[in-house]
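Any read-out appearing in this document is the output of simple, stated calculations on the displayed coordinates, not a laboratory observation. This is a predicted model, so every value here is computed, not measured. Heads up, the Cβs are rebuilt from the backbone with ideal geometry, glycines too, and the neighbour counts pull from every protein chain shown.
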């Protein structure tokens, strides 16, 4: 359901006044897109649905903080990502690698990734990402998809910068392995 900019602003103002119908409309407009964001962090569909529900509740509680600067969708997305991270932290997923980050050439890795990923459907890539451990998936999504720096990831997940880099390297390695298996299967 598409809403015009003026109509969306009206709906947001209604949410700021506590109007339940406007809250429902915001939910209907953005639910699928925000659920997609949660899927990148969740272990399964149930966890993703829980994440998105909690994020919308938080967004309604903080809606008065939205001052109309920037897109509402971007503001909501940030809440969804942060809530997903909070849920990961709350579950005490202290499964982050403590291996030291050494000798990893990030630029070369990104070039290699582009060549591997270019010929594969996004659904296959998404399935491969879902197979990552929660720790690897969180760091991969925050760095590659959300654009966080390693320092921001370290701060958010309460890990070291080295652990963030190490987990990204390992996530990419596992993804490459999965995607190469898919390519080999296709070429047989």
Exercise. Equivalent ellipsoid semi-axes for the range 5-90, as square roots of 5 times the alpha carbon gyration tensor eigenvalues: give them largest first, rounded to whole Å.
Key: 23, 12, 11
Quiz item: Taking 0.36 nm per intervening residue step and subtracting the Cα-Cα distance, what contour gain separates residue 160 from residue 125 on full extension?
Solution: 9.9 nm
Self-check item: Sorted by Cβ neighbour density within 10 Å, fewest at the top, the residues 78, 40
Solution: 78, 40
Quiz prompt | Whole-angstrom gap from the range 118-154 to the range 1-62, using each part's C-alpha centre | solution = 23
